[in-house]
Each structure stands twice: as structure tokens, then as C-alpha cells.
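Written out below as C-alpha cells is the structure these notes cover.
The values are calculated or read from the model by the stated rules, or taken from the named source; none is laboratory data. Since the model is a prediction, treat every value here as computed from it, not as a measurement. Every residue, glycine as well, gets a Cβ built from its backbone with ideal geometry; the counts of neighbours run over all protein chains shown. For the accessible areas, the whole protein counts, side chains as well, though only heavy atoms, and no ligand, DNA or RNA atoms are used. Shrake-Rupley method; radii C 1.70, N 1.55, O 1.52, S 1.80 Å.
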Amino acid sequence: VVIGLIAGGILIGIGHRIRNSYRSFSSVLMGGGLTVFYFTIAFAFHEYRLIGQKPAFGIMVLITFFAVSLSLYYDRLELAILATIGGFITPFLVRGEQDNYVALFTYLCILNSGLMVLAWFKRWPWINTIALFFTTIIFGGWLIDKLWSDSAVIIAYKNAILFGTLFYLQFVAMNIVNNIRQQK
């Protein structure tokens, strides 16, 4: 795990060092370093049992925040896309045995709020599209799974409608923010 963290740090460091001379290659190196961070923490949780679920989740949220900060600092869409995708796969990399949909959807609301802030600072409509895609897949997949499951699990309809409405309002707000920034 330490070797993975060091390797990811080295990749990000090299990417930072060559950011002006080799812009695209530096983004690839930084993205690779962030990916190494994500999977190192996932292995530390799942395979080696070195850290618990909550610390692993917290570390991955910090990695996502770091990736968004890098994308803003270097003004690189590709890093923002990687941070967005990393943010959406984080709950699945540290998934436990229990199905805690309230925590998952609360995290998605927080992540989408952060992406709304990113949409305000940058004119990157791809981030909104990727966020909409992953949120729809995650929420819709959960809803379909619960509706078609053979078990006697009762869906908390109030919470499902609440989170569905929150996601809708967030994406409407993201679209409005993007249109205001682009003066459409």
C-alpha cells in the first residue's frame, strides 16, 4: 500500500514537473497517479483489511477533492473528468456488505453540489453530462433492483422520491449555471 501511494505521488510529481513542456502527457501522468491512489486505497480496504470502510471512503473523498483541485489549478478538463468519474466510483470501491442507500444518495448529492461549483468556475459541460449519466445509472439501477428483486425488501418510497427530486433540482441548477456562464 505504501509503495502504491509513493508510486502515485511520483506520477503526480513528474506530471507537475513537465506540465508546461508536455501538457497532454503530464495530464496522463497525473491521471495515472490519481488512479493509483484510488485503487491502492481500495486494495488496502478490500484485500489487505488495513483500514476500515469509513476511513477508506474518507480518503477517497479527499483524493476526489484533490483531483478537482488539480483540474482547477492546471485548468485541465481531462483531470476534471477523471475526478468526476473517480468520485462516482468511490462508493463502489469501498462497498461493504450492507446496502446503505441513504448514505450513497447523500454522497451523490454532495458530489453533484461540488460539481455544480466546478461548473460555475469552468465552462466544462462534459462534467455535467458525466455527472448526469452516473447519477442516473446509480439511482435508476438501485430503483430497478429494488423494484424487481424477489426479496421482501420494502423500498422507502419517500426517500426515493426525495432523492430523485434533489437530483433533478441539482441538474436543473447545473444547467442554469452553465447557461448563465455561457450567456445563453
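Tabulated values for the structure
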item	result
Globularity ratio of the stretch 83-138, using Cα Rg and 2.2 N^0.38 Å	1.16
Calculated log₁₀ intensity ratio I(q)/I(0) where the Debye formula runs over C-alpha points of the chain, q = 0.11, 0.14, 0.15 Å⁻¹	-0.54, -0.84, -0.94
Mean projected area (nm²) of the alpha-carbon convex hull when the stretch 94-184 is viewed from all directions	6.5
Net dipole in debye of the chain [+1 Lys, Arg Cβ; -1 Asp, Glu Cβ; about Cα centre; nearest 20]	660
Heavy-atom accessible area ranking, 1.4 Å probe, most first, across Val177, Val172	Val172, Val177
Spin-label pair Thr136/Phe39, simplified geometry with 7 Å Cα→Cβ offset, distance in nm	2.9
Environment charge at Ala119 (Cβ cut-off 15 Å; Lys +1, Arg +1, Asp -1, Glu -1)	+3
Spin-label pair Tyr168/Lys184, simplified geometry with 7 Å Cα→Cβ offset, distance in nm	2.1
Solvent exposure, largest accessible area first (probe 1.4 Å, DNA, RNA and ligands not counted), of Ile18, Ile176, Ile41	Ile176, Ile18, Ile41
Leading residue at positive end of dipole, the chain (Cβ point charges), from Phe25, Ile110, Phe37	Phe25
Estimated vicinal HN-Hα couplings, Hz - the stretch 112-126 in sequence order (Karplus 6.51, -1.76, 1.60; Gly, Pro = x)	5, 5, x, 5, 5, 5, 4, 5, 6, 7, 10, 9, 10, x, 4
Length-normalised contact order of the chain in % [C-alpha pairs under 8 Å, at least 6 apart]	16
Gain in span if fully extended, Asp145 to Leu50, counting 0.36 nm per residue against the direct Cα distance	31.1 nm
Residue-by-residue Karplus 3J(HN,Hα) for the stretch 167-184, coefficients 6.51, -1.76, 1.60, Hz, glycine and proline x	4, 4, 4, 5, 6, 5, 4, 4, 5, 5, 4, 4, 5, 5, 5, 8, 6, 9
